[in-house]
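Engineer: To start, I am sharing the structure in question, which I have written as structure tokens.
The values are calculated or read from the model by the stated rules, or taken from the named source; none is laboratory data. From a predicted model like this one, the values you see are computed outputs, not experimental measurements. Cβ sites come from the backbone with ideal geometry, for glycine too, and all protein chains shown count toward neighbours. We work out accessible area using only protein heavy atoms, side chains counted, and drop any ligands, DNA or RNA first. Shrake-Rupley method; radii C 1.70, N 1.55, O 1.52, S 1.80 Å.
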Amino acid sequence: MRRQTRAYIESLLEDYMNYHKYKAQREFELRHPFIPVDENVGGGKAQYKPNDSVDRMLITLDEDIRLNNLRREYFTIKACYEEAPEYVQQIVNELYFKAPRNRKYLTIADLVIAHVIPVSKTKAYDAFNDFLEDIAKELKLHY
């Protein structure tokens with residue numbers, strides 16, 4: 001797997017817990033778009049124009065690329081995490097899902113040395129790499 005792909009997936013894992021915040025922020029941006037002030041003082045305005053803002057909002061929320069990518073990444077990580085062995089889930093919890101200031105262990109080797117995960121260092125690294133490759137395949141990232 002390329003270094004850039006691995007770094008991208010690791011950044012997605014670190015942001016996984018912020019998904020709901022990012023989703024709410026993007027939906028707010030779409031529901032309340034910035035409308036520049038009209039400097040055309042005295043200009044006319046169409047009177048019998050139908051108000052279809054609700055329809056446009058539903059289409060916007062449904063077709064927004066950034067929002068759909070957030071959903072796709074979130075559910076891909078969730079599915080791969082649930083399918084992974086328990087010790088891989090422990091690795092992901094300790095190294096990526098915890099806030100950086102709350103992390104007691106910094107690497108997979110630290111987890112193995114502290115006997116947090118019950119496998120050898122080689123098996124832990126191989127299983128974690130398989131987990132990252134599964135995410136890359138599901139997200140259709142070329143590695």
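Engineer: At a Förster distance of 25 Å, what's the computed FRET efficiency of residue 72 paired with residue 120, Cβ-Cβ distance as r, to 0.05?
Structural biologist: E between residue 72 and residue 120, to the nearest 0.05, is 0.15.
Engineer: A further question follows. From largest to smallest, what semi-axes in whole angstrom does the stretch 56-121 give when each is the square root of 5 times an eigenvalue of its alpha carbon gyration tensor?
Structural biologist: 35, 13, 7
Engineer: Among 88, 119, what's the order by accessible area (1.4 angstrom probe), most exposed first?
Structural biologist: 119, 88
Engineer: Please work out the ratio of the alpha-carbon Rg of the stretch 97-143 to 2.2 N^0.38 Å and round it to two decimals.
Structural biologist: Normalised Cα radius of gyration, the stretch 97-143: 1.36.
Engineer: Would you please give the FRET efficiency between residue 104 and residue 24, computed as 1/(1 + (r/R0)^6) with r the Cβ-Cβ distance and R0 = 22 Å, to the nearest 0.05? The partial results should precede the final answer.
Structural biologist: Working: r = 30 Å, r/R0 = 1.38.
Step by step, r from the Cβ atoms, then E = 0.15.
Engineer: May I ask which of 104/137; 23/140; 23/104; 21/121 have a Cα-Cα span longer than 32 Å here?
Structural biologist: Those over the limit are 21/121.
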